[in-house]
Structure formats: structure tokens, C-alpha cells
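S.K.: Got a structure here, written out as C-alpha cells. Questions coming.
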Amino acid sequence: MSAGPARVSSWREARIVAIERLTPRVSAFSLQPEGPIPFRPGQHLDVRLTAPDGYQARRSYSIASAPERPEILELAIERLDDGEVSPFFHDVAEVGDAIEIRGPIGGHFIWTVADGGPLLLIGAGSGVAPLMAMVRHRAAAGSDVPAALLLAARTRAGAPYRAELDRLADETGLALTLALSREPEPGPREVGRRVDAGVVAAALGRLPAPPSHVFVCGSNAFVNVATDALAAAGVAASVIRTERYGG
Amino acid sequence: MATRGFTGRRTPSDAAARTPPGQALTDDFPVLSAGPTPKIDLASWRFALKVGPRTVKAWDWTAFNTLPMTRLTTDIHCVTTWSKLDTAWEGVAIDDLLADAGLAPPTGFTLAHGYDGYSTNVPAADLAGPKAMIAIRYDGAPLEPDHGGPARLLVPHLYLWKSAKWLNALQFTERDEAGFWELRGYHMYGDPWREQRYHDDP
């Protein structure tokens, strides 16, 4: 493979240097490319796997790590039982393995501290990945831009990055809410139900002013529920950016 | 470079010839859009054909539905690597739209515009003949909002981001002008068979 100042569309080798289980279904994979890959929070990488006979499969995964560390990029990958690529990552991949990546890709679902706020982030499950890059960047930059994050999951244990998000809430003033549809006894920073208009309105209420940037990431059904709730709360469509996955 | 331990899932050979490089077949119909899904009332729906800033002709929903309808069963390819075979669409061929407006393509370039502020560029030649339409029905039913309803552009031989959802205008432009994704790192043309995904793909 060629090194050097690669084009976005050039495939580069990257080594898996860490694997961390985030939830029973989501793990974080830290990738070290041959050289640093500068990126902006919210962008994604294409990943390519090659079988011995040359057959290739590729998928896009959002970068979850902060741009302040372009040498090692972290992807949060959910295991899809009927998937082709995610079971490889969960069942086969080990630290030291090499895969191919290219990127960073995406010029829309992006936020940096220079864009200001207030910032509202809404994600479901592994859809929190690009939002993690944003809140980690906000923390690393020492920004005091008002920010709220609403993360949906079925259970507390199924919420990726829960401990780190709690720490960011404690240390950086991130207004964190976990919407946990199957936790009958919600704790602090938790509500025991699905994301709906009321949950979104409550998250909006934790910002000092209406958001100037809203990012929503999850399944298409989840994004539609969240964006309908935002519209009902009077948030303009022009400030809402979405990233959808799944059918 | 073979990836240790990866075998992958092959596309059946009869479908493989119809699947562009780097794509995987799906039976689902994934939804990918950059913002909220607009809710568009048919009573207020308008579609305009423009040359530069000038509107040549505009149609409301009733008038648009009197135009000749074309059926097209075709394969579609999304840059996010899914392809879907044998999708069934119905709508107005661009040739029929131009004929109704009495317009011959005045330039070689167009921008398609959506209700959500989205835009994308498509060469006029790629809209000619049976290659493209403004689709209002999918799989025998009115096109759902998630998939671009009431009306979307359909240019199935290019990656699907060229098939603008929630279409409200088609505009001929003097030059090849980049649209929403083309300004954000994606290819100006977007041929799936040449894998023209990103701006610096050949």
C-alpha cells in the first residue's frame, strides 16, 4: 500500500490496536493507520475487508474518537446478527489484525467548537458514535459551548459509553439524558421510557437557549421520531442534521 | 491484502453481474437523508422547470398527474454500498416533462432541487430518454415521504444521491454546478460502475 499524503479515496492499511466492549452488542475498535488521519467530529471511515479469493466487502462507520488524536481512530461497531462485516469485527477480529480504511468522509454531519452552540445531540445505541466524537472534541478543546446529549437505549447496560458520558457530564457540563425504555427504575440523568416529544422537550429545556445545531443519529425510525419531536417543539428543520442507518 | 479470517458473503452469480463494484445487495429499502423528512401537502405541492433563474413552467399536483406516466423497473445503487434490484417505479419521464413545457434542453447541465433545500447536479444527457423520470409511485403505491414522496427524481444509472428526494424544481444551468453532496466531498458525476463515490475518485 502507498503511504504519504493519501487521497480520501485511497485505501490505507490500519491495525487494530485495542478492542473494548461497550455493551453486549457494541464494541469499540481502535485503529492505527500508517499515518495520522486528520478529521472533523461526525465524519466517517470506509472499512474494507478482503477474502482470500479477492472478494471484498466494505462498510461505513462513524469515527467516535476526538479529532485531537488523529493517530488512532475509534469506531463503535454494533453486532448485527445477519450482517456480513460486523460479525467479523465481533467474532474474528483481534488486536494486531490489519484491515483497510479510507477517509475521512462526510461534509455535512459535522460539528466543531468553532461552530458554537447551543448544541443538541440525539442518538440511539451505536448511533452515539459520531456524537461521541463531538462531545469528546468539546471536552478536549475545553469549550464551554452549551451542549446536551440525549441517548436512547433499551437498558442501562445497553447504552454505549455510559461511564464516560457520566464523567463528561460531571466535568464538562454536558447535559446528559439516557432514555432507557426497559429500565423500570431510572436513576439520575435517566428517564425510563423511549424518546418521545416529552423527552426531547425536556432535553431542549436543559439548554440555556434554543439550539443552533442539532444532530440526530440512529435508525431511520428513531430519527423520524426525534425530528418530529423537534419540529413539535419549534426547532427549525434548517438547524437539524441527521444520519440514518438500517432499513 | 487478504483480511485474516474474513470469508464474506457472496452475491448469487445471477445477481452479481448486476451489482456494481463495492456494492452489496439488500432486500430492504434503507433511508438516508441529511435532515428531517419534509411533510408536503399535495394541495400546496408545486414543481417548477427552470432555465437559470427563470421559471419556464410550473405544475401543481393535479396538472402534473395529467402528464404521460412511464413505468420503469430498474436496479438502484446507493453510495453507502447497498444496491437493490428490480425496483418498480412510475412517474413522468423528463422528455415528457420537457415536451409539455415546449422546451428543448437549453444547456448541458441541470441542478435538481428539493423542498428540504437539497440540490444535486445531473448532466442533461443523463436525463434524456428512458434513463430518468420524476417518480411519484413506488411498488404500486404513492411514494412514501421517507423515500422522497410526493415526487423524487430517479436517475437509476447514477448513485442514488443524484435522485433528489422531495423534488420541487429542475433547473438548467450554464455550467456544471456542484449540489449539496458534491460540495461536501462527493463525486460530480457518480457512476456506480466506475465507483465514482468521492470527489477524487477517477
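The values are calculated or read from the model by the stated rules, or taken from the named source; none is laboratory data. All values reported here derive from a predicted model rather than from experimental measurement. When we count neighbours, we look across all protein chains shown, and the Cβ atoms used for this are built from the backbone with ideal geometry, even at glycine. Surface areas here come from the heavy atoms of the whole protein model, side chains and all, with no ligands, DNA or RNA. Shrake-Rupley method; radii C 1.70, N 1.55, O 1.52, S 1.80 Å.
S.K.: Can you pull out the residues in the range A:97-120 that are more than 9 Å from chain B (Cβ to nearest Cβ), in a loop (DSSP other than H, G, I, E, B) and surrounded by fewer than 20 Cβ atoms within 10 Å (Cβ to Cβ)?
M.R.: Those that are more than 9 Å from chain B (Cβ to nearest Cβ), in a loop (DSSP other than H, G, I, E, B) and surrounded by fewer than 20 Cβ atoms within 10 Å (Cβ to Cβ): A:T112, A:G116, A:P118.
S.K.: Let me ask something else about it. With respect to B:K50, is the statement that it is open to solvent by 30 Å² or more (accessible area, probe 1.4 Å), within 14 Å of chain A (Cβ to nearest Cβ) and closer than 24 Å to B:A112 by Cβ true?
M.R.: Working: open to solvent by 30 Å² or more (accessible area, probe 1.4 Å): yes; within 14 Å of chain A (Cβ to nearest Cβ): no; closer than 24 Å to B:A112 by Cβ: yes.
When the stated conditions are applied, B:K50 does not pass them.
S.K.: Conditions: (1) buried (at least 22 other Cβ atoms within 10 Å of the Cβ); (2) within 13 Å of chain B (Cβ to nearest Cβ). A:L73 meets all but one. Number of the miss?
M.R.: (2)
S.K.: What is the number of the single condition among (1) in contact (Cβ under 8 Å) with a residue 40 or more places away in the chain; (2) within 12 Å of another protein chain (Cβ to nearest Cβ); (3) under 27 Å from B:F6 (Cα atoms) that A:P130 does not meet?
M.R.: That leaves (2) as the condition not met.
Conditions tested, residue by residue: (1) of a type in the set (F, W, Y); (2) open to solvent by less than 20 Å² (accessible area, probe 1.4 Å); (3) within 14 Å of chain B (Cβ to nearest Cβ); (4) assigned to a loop (DSSP other than H, G, I, E, B).
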{"site": "A:S60", "(1), (2), (3), (4)": "no, no, yes, no"}
{"site": "A:L80", "(1), (2), (3), (4)": "no, no, yes, yes"}
{"site": "A:F89", "(1), (2), (3), (4)": "yes, yes, yes, no"}
{"site": "A:V95", "(1), (2), (3), (4)": "no, no, yes, yes"}
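S.K.: Kindly indicate whether B:G129 is small (G, A, S), open to solvent by 20 Å² or more (accessible area, probe 1.4 Å) and either farther than 25 Å from B:T107 by Cβ or more than 14 Å from chain A (Cβ to nearest Cβ) (or both). Give the derivation first.
M.R.: Numbers: small (G, A, S): yes; open to solvent by 20 Å² or more (accessible area, probe 1.4 Å): yes; either farther than 25 Å from B:T107 by Cβ or more than 14 Å from chain A (Cβ to nearest Cβ) (or both): yes.
It is true that B:G129 is small (G, A, S), open to solvent by 20 Å² or more (accessible area, probe 1.4 Å) and either farther than 25 Å from B:T107 by Cβ or more than 14 Å from chain A (Cβ to nearest Cβ) (or both).
S.K.: Filter the strands (runs of 3 or more DSSP E) completely within the range B:65-122 down to those with at least 1 residues that are in contact (Cβ under 8 Å) with a residue 12 or more places away in the chain and under 30 Å from B:P12 (Cβ atoms). Give the steps one after another, and end with the answer.
M.R.: Numbers: elements: B:70-77, B:82-93, B:109-114.
The strands (runs of 3 or more DSSP E) meeting that bar are B:70-77, B:82-93.
S.K.: Also, I was wondering about something else. Restricting to the range A:33-55, give me the number of residues that are under 22 Å from B:Y186 (Cα atoms) and part of a strand (DSSP E or B).
M.R.: 5
S.K.: All but one of (1) in contact with a helix residue (DSSP H, G or I) (Cβ under 9 Å, 6 or more places away or on another chain); (2) in contact (Cβ under 8 Å) with a residue 60 or more places away in the chain hold for A:G96; state the number of the condition that does not hold.
M.R.: (1)
S.K.: Among (1) more than 13 Å from the chain's Cα centre (by Cα); (2) away from chain A (no Cβ under 14 Å); (3) open to solvent by 30 Å² or more (accessible area, probe 1.4 Å), where does B:L183 come up short?
M.R.: Going through (1) more than 13 Å from the chain's Cα centre (by Cα); (2) away from chain A (no Cβ under 14 Å); (3) open to solvent by 30 Å² or more (accessible area, probe 1.4 Å) one by one, B:L183 breaks only (2).
S.K.: Of all residues in the range A:202-223 being open to solvent by 50 Å² or more (accessible area, probe 1.4 Å) and out of contact with any strand residue (DSSP E or B) (no Cβ under 6 Å at 6 or more places or on another chain), which is farthest from B:H147 (Cα to Cα)? Even if it seems obvious, please write down each step before you answer.
M.R.: Just the residues of the range A:202-223 that are open to solvent by 50 Å² or more (accessible area, probe 1.4 Å), to begin with: A:202, A:205-206, A:208, A:210, A:221.
Applying the additional criterion that residues be out of contact with any strand residue (DSSP E or B) (no Cβ under 6 Å at 6 or more places or on another chain) yields A:202, A:205, A:208, A:210, A:221.
Details: A:A202: 30, A:G205: 32, A:P208: 36, A:P210: 30, A:A221: 13 Å.
Among residues in the range A:202-223 that are open to solvent by 50 Å² or more (accessible area, probe 1.4 Å) and out of contact with any strand residue (DSSP E or B) (no Cβ under 6 Å at 6 or more places or on another chain), the one farthest from B:H147 (Cα to Cα) is A:P208.
S.K.: Let me ask something else about it. Being within 7 Å of chain A (Cβ to nearest Cβ), within 23 Å of the chain's Cα centre (by Cα) and part of a loop (DSSP other than H, G, I, E, B) is the filter here; which residues of the range B:1-25 pass it? Steps first, answer last, please.
M.R.: In the first step, residues of the range B:1-25 are kept if they are within 7 Å of chain A (Cβ to nearest Cβ); the result is B:1-10, B:22, B:24.
Filter once more, so that each one left must be within 23 Å of the chain's Cα centre (by Cα): B:22, B:24.
The answer is B:G22, and nothing else.
S.K.: Given the conditions (1) farther than 30 Å from A:H213 by Cβ; (2) touching a Ser or Thr at 6+ places or on another chain (Cβ under 8 Å), report the number of the one that B:R54 does not fulfil.
M.R.: (2)
S.K.: On to the next question. Picking from A:A66, A:A14, which residue would you name as being open to solvent by 10 Å² or more (accessible area, probe 1.4 Å), modelled with pLDDT of 95 or more and under 29 Å from A:V216 (Cα atoms)?
M.R.: Only one candidate passes the filter, namely A:A66.
S.K.: Out of B:G140, B:G148, B:G190, I need the residue that is among the small types (G, A, S), at positive phi and more than 14 Å from every other protein chain (Cβ to nearest Cβ). Which one? Explain how you work it out, then say what you get.
M.R.: On the way: B:G148 fails: more than 14 Å from every other protein chain (Cβ to nearest Cβ); B:G190 fails: more than 14 Å from every other protein chain (Cβ to nearest Cβ).
Unique residue meeting the criteria: B:G140.
S.K.: I'd like to check something: does the range A:167-176 contain any residue that is of a type in the set (K, R), in contact with a Leu (Cβ under 8 Å, 6 or more places away or on another chain), outside any loop (DSSP other than H, G, I, E, B) and open to solvent by 40 Å² or more (accessible area, probe 1.4 Å)?
M.R.: In the first step, residues of the range A:167-176 are kept if they are of a type in the set (K, R); the result is A:167.
Narrowing the set further to residues that are in contact with a Leu (Cβ under 8 Å, 6 or more places away or on another chain) leaves none.
Looking through the range A:167-176, none of the residues is of a type in the set (K, R), in contact with a Leu (Cβ under 8 Å, 6 or more places away or on another chain), outside any loop (DSSP other than H, G, I, E, B) and open to solvent by 40 Å² or more (accessible area, probe 1.4 Å).
S.K.: All but one of (1) within 14 Å of chain A (Cβ to nearest Cβ); (2) polar (S, T, N, Q); (3) within 21 Å of B:A164 (Cα to Cα) hold for B:S44, so report the exception by its number.
M.R.: Here B:S44 clears every test but (1).
S.K.: Given the conditions (1) charged (D, E, K, R); (2) closer than 17 Å to A:A129 by Cα; (3) touching a residue at least 60 places away in the same chain (Cβ under 8 Å), and given that A:R21 satisfies all but one, which numbered condition is not satisfied?
M.R.: Every listed condition holds for A:R21 apart from (3).
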